[in-house]
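Remarks on the structure that follows.
Any read-out appearing in this document is the output of simple, stated calculations on the displayed coordinates, not a laboratory observation. These numbers come from a predicted model, not from an experiment. Every residue, glycine among them, receives a Cβ derived from its backbone with ideal geometry; neighbour counts consider all protein chains shown.
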Amino acid sequence: MATSQDIVAKILPRVRPSPREARALAGVCRSLVARVGELCRARGLPATPMLVGSSARDTWLPGDLDVDLFLLFPLDWTKERMKTAAVGIARRLGPRWTTRYAEHPYVRLWVTEPELAEGKGGKPASCGPLFQVDLVPCYRVEDPRGMVSAVDRTPFHQRYLEERIRGREDEVRLLKRFLSSAGVYGAELKVQGFSGYLCELLVLHHGGFLPVVEAMAQWRPGVRIDPGGAGACPGGEPLVFVDPVDPGRNVAAALSPENFSRSVAHSRSFIERPGLRHFFPPALRPLLRGDAIRRFRSRGTRVWALEFQVPGELVDDIVYPQLRKAEASLREMAGREGFRVHRSGVLRIGGDEGGAPPTDAPLGRAGVGRQPAYVFLEFEVWSLPPIRDHPGPPVSDAENSRVFQAKHRGRPLRIEEGRWVAEVPRRYTRAEEALRGEAGRCGLGRDLARCPRRLVPLERVPWGPGVALFLRRYLSGSP
């Protein structure tokens with residue numbers, strides 16, 4: 001049987017970008033920093049461009065042609081003014097851009113290397129691959145304790161890691177690919193997994209990919225890692241990794257308990273029987289609509305989806321927490337009405353992974369449009385009789401017994417275990433009636449509550465690759 005070292009040796013060439021791809025990304029990064037710097041000077045903007053993230057530290061995976069460029073502004077600039085400046089720069093870089101809204105507004109654009117090299121926008125996409133660039137304004141602060149928003153911390157992460165990670169880039173790539181195969185790579189709230197920054201810190205702390213996996217296989221909830229020994233952040237999460245840049249922050253705060261457990265199980269599986277599948281699992285085939293309907297019928301359950309039309313400029317980190325809040329609130333409401341939900345899940349189509357625009361037409365904020373997002377609810381019990389029992393006071397409580405009897409006069413009354421019980425009409429006899437009648441009173445989140453919505457059975461959910469893959473994963477029962 002192959003050892004873990006054998007598998008790593010086979011995998012390593014597949015997690016390294018090709019020389020051609022590496023040259024292309026490096027060229028785009030150089031041109032981008034130079035071009036944005038020129039535009040800032042030409043416009044009199046007191047902003048300094050700074051390349052951050054995996055593209056800056058050469059820890060990116062093949063095919064990940066994403067670049068994060070921060071614009072460091074003085075503290076006396078407002079967020080709206082910084083956003084306007086970033087949009088102005090994006091317009092000069094090319095026609096394909098859109099505004100995104102998180103804690104800080106920022107601009108996402110798609111550029112080709114020739115566009116940047118020639119300093120002109122509007123070149124056709126066929127002249128080279130499209131690179132996705134997030135142009136993120138932030139404040140120039142001297143100490144993380146002076147941060148105005150969370151993005152102000154990122155330049156400190158860059159300065160901390162750019163020298164320390166050198167020579168360990170491939171170890172980071174191995175860990176990212178390993179966690180991706182388990183579905184737990186990415187700190188965005190859609191995934192709730194390991195951030196790239198956390199992967200790099202784990203490699204630094206343990207010394208390499210295999211030592212990280214060996215340590216991970218032994219983890220129990222409540223693991224605390226504090227390389228500097230001066231962390232002030234409290235525990236409570238399954239994993240606490242004290243940020244060396246900001247000791248009051250847990251780098252692993254986004255990691256959900258479920259994904260913590262998945263990473264432990266995945267590591268144990270690799271140590272026991274190492275294989276290529278731990279890095280490149282077999283691709284899932286999208287589930288055909290007819291197959292999905294048949295499989296849910298064979299389970300004896302019924303699926304309904306609450307569909308929202310979400311503004312495209314809202315980032316996943318805003319949308320997914322609200323989808324999960326809606327999911328929990330809808331489940332609670334259904335249970336309160338007597339219906340039983342077996343399982344549930346949430347999905348947004350497009351979002352941050354919507355890819356580059358299909359044409360060279362300018363996007364701008366208005367061009368993003370709306371995208372569907374879903375809360376799927378799989379019911380074990382979706383139909384109920386028109387009556388239900390309503391418990392009353394103990395018979396020994398004479399006064400409240402008289403009130404209860406008067407209130408339910410004309411209805412069947414009985415005594416069970418010393419208490420009055422009345423048979424009353426049920427508000428909703430079918431789950432879809434409860435969902436239609438009560439969804440607006442459930443906790444949907446500020447943005448979702450404003451979105452157009454409709455309730456559709458599984459048979460009428462618009463089918464596409466996103467829904468088909470989501471339901472394949474849902475029914476497979478594995479990451």
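Taking each DSSP H run with n ≥ 4 as -39500 (n - 2.57) and averaging over every residue of the chain yields -12000 deg cm²/dmol at 222 nm. Partners of K325 within straight-line reach, counting aspartates and glutamates whose Cα lies under 18 Å from its Cα and excluding those fewer than 8 residues away in the same chain: E188, E258, E307, D316, D317, E378, E438, D447. For R100, the residues whose amide H sits under 5 Å from its own are Y106, V107, R108, ignoring neighbours fewer than 5 places away on the same chain, with H placed 1.01 Å from N. Scaled against 2.2 N^0.38 Å for its residue count N, the alpha carbon radius of gyration of segment 190-243 is 1.12. The label-point distance for Q309 and A449, in a model that sets each label 7 Å from Cα toward Cβ, rounds to 2.1 nm. A P(r) calculated from all alpha carbon pairs of segment 10-147, with 10 Å bins opening at zero, reads 12, 42, 32, 12, 2, 0 percent. Rounded to 0.05, the FRET efficiency of the I415 and L469 pair, given R0 = 56 Å and the Cβ-Cβ distance, is 0.55.
Candidates P137, L179, G477 compared by Cα position along the dipole of the chain: farthest toward the positive end lies G477, with charges placed on Cβ. For I225, nonlocal amide neighbours, meaning residues 5 or more places apart or on other chains whose placed amide H falls under 5 Å from its own, are V240, F241, V242. Structural size metrics of the chain, computed from C-alpha coordinates, are Rg and Dmax of 26.8, 90 Å. In degrees from 0 to 90, rounded to the nearest 10, what is the angle of the helix 316-336 Cα long axis to the longest principal axis of the chain? It is inclined by approximately 10 degrees. Cβ crowding within 10 Å, taken as a proxy for footprinting-reagent exposure, orders D447, D389 from fewest neighbours to most as D389, D447. Between I387 and E272, the C-beta separation translates, for a Förster distance of 60 Å, into a calculated FRET efficiency of about 0.65. One decimal place: the segment A2-R441 gains 152.4 nm when fully extended, by the rule 0.36 nm per residue minus the C-alpha distance.
Neighbour counts of C-beta atoms inside 10 Å place M1, M82, M147, M50 in the sequence M1, M147, M50, M82, starting with the fewest. Evaluate E = 1/(1 + (r/R0)^6) for A26 and R159, where r is the Cβ-Cβ distance and R0 equals 25 Å; express this FRET efficiency to the nearest 0.05. Result of the calculation: an efficiency of 0.80.
Length available on full extension from A150 to L284: 0.36 nm per residue minus the Cα-Cα distance, which gives 44.7 nm.
Computed from Cα positions, the angle between helix 169-181 and the longest principal axis of the chain comes to roughly 20 degrees. Between N400 and A102, the distance separating the two model label sites (each 7 Å from Cα on the Cα→Cβ line) works out to 5.2 nm. Helix 257-272 versus the longest principal axis of the chain: what angle, 0 to 90°, nearest 10, using Cα atoms? Once rounded, the angle reads 60 degrees. Fewest-first ordering of E200, E313, E80 by other beta carbons within 10 Å of each residue's beta carbon gives E80, E313, E200. Taking the alpha-carbon centroid of each part, what is the distance from segment 164-214 to segment 411-470 in angstrom? Going from one Cα centre to the other spans 41 Å.
Kirkwood radius, segment 414-469, all distinct C-alpha pairs, inverse of mean reciprocal distance: 15.2 Å. Other residues with beta-carbon under 14 Å from the beta-carbon of A24 carry, at +1 per Lys or Arg and -1 per Asp or Glu, a net charge of -3. Evaluated at 4 °C with a viscosity of 1.567 mPa s, what Stokes-Einstein diffusion coefficient in µm²/s does segment 240-305 have when Rh comes from the Kirkwood expression over alpha-carbon pairs? Roughly 80 µm²/s, to the nearest whole number. Entry note, segment 81-220: relative contact order of 15 percent, from Cα contacts under 8 Å with a spacing of 6+ residues. Computed log10 I(q)/I(0) for segment 169-278 at 0.10, 0.12, 0.17, 0.18 Å⁻¹: -0.25, -0.36, -0.74, -0.84, from the Debye equation with unit scatterers placed on every C-alpha and solvent omitted.
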